[in-house]
Amino acid sequence: MARLFLLHKPCNVLCQFSDGQGRKTLADFLPVPGVYPAGRLDRDSEGLVLLTDQGALQHRIASPDQKMEKTYQVQVEGEVAQTALDDLSRGVMLQDGMTAPARVRRIAPPDLPPREPPIRYRPSIPTCWLELVLTEGRNRQVRRMTAAVGHPTLRLIRTRIGPWQLMSLAPGEWRQQDIHLPTSSRRPGNTKAGHKQRKQRG
């Protein structure tokens, strides 16, 4: 059995457990030894990070071969035209190659707590919100994709990784699941989840 922790990483927190420069890390919010992130999330991004104490589960979640879907809510500069949405859906050319097709749609501004620090605000430039569903995990991919179609990202929140969702976790809160690892090659979404503990704040 493996332990899986779902953490709502706040902005300005490194997705690691130590830092020689005194910046905030996961250790400031999840005081659990012996667990490691399954994948990364940029320091200036927020949302769901999965951590586990089991290497096989970590690999199943983070491996590009699994093509596990990840959902992001993204606030961008400007009003995004349908042509830009179509480009994002088909894939855009970045310095490291063409991105895979993605699911993209406009969404209403989500009900979120204020970000610390606040986003850059310019009264003369409108903003809008998008939802992107990707199966890749390149470095700063969402930010580079929206910039490539002329809409820089202002705020980014990851809300889902495979079957696991952020749901009602507030920034800095976490919850635990016990995962019975499959004996076959099933994906983690088909595993049996154990008792879900009460949400906790680090």
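Under 1.5 on a/c is rounded, so check that first for the range 13-82, then, if it is not, pick prolate when a/b is larger than b/c and oblate when it is not; a ≥ b ≥ c are the square roots of the alpha carbon gyration tensor eigenvalues. In terms of gyration-tensor shape, oblate. Charge tally around PRO110: other residues with Cβ under 15 Å, Lys/Arg +1 each, Asp/Glu -1 each, net +3.
Treating the beta-carbon of each Lys and Arg as +1 and of each Asp and Glu as -1, no other charges, what is the dipole magnitude of the range 69-160 about its Cα centre, to the nearest 20 debye? Working shown, then result.
On the way: 15 positive and 10 negative charges, 42 e Å.
It comes to approximately 200 debye.
Using the Cα centre as the reference, give the magnitude of the dipole from point charges on the C-beta atoms of the chain (Lys, Arg: +1; Asp, Glu: -1; all else neutral), rounded to the nearest 20 debye. Numbers along the way, then the final one.
Values: 31 positive and 19 negative charges, 79 e Å.
Computed charge dipole of the chain: roughly 380 debye.
Of the labelled figures [x] 0.97; [y] 1.06; [z] 1.03, only one reflects Rg/Rh (Cα atoms, Kirkwood Rh) as derived from the coordinates, namely [x].
Straight-distance candidates among the aspartates and glutamates for linking to LYS9, with alpha-carbon spacing under 19 Å and chain neighbours fewer than 8 residues away dropped: ASP19, ASP28, ASP42, ASP44, GLU46, ASP53, GLU69, ASP111, GLU116, GLU131, GLU173.
Coordinate-derived values only; no laboratory data. Remember, it's a predicted structure, so these values are computed and weren't measured experimentally. Quick reminder, even Gly has a Cβ in these numbers, built from the backbone with ideal geometry, and neighbours come from all protein chains shown.
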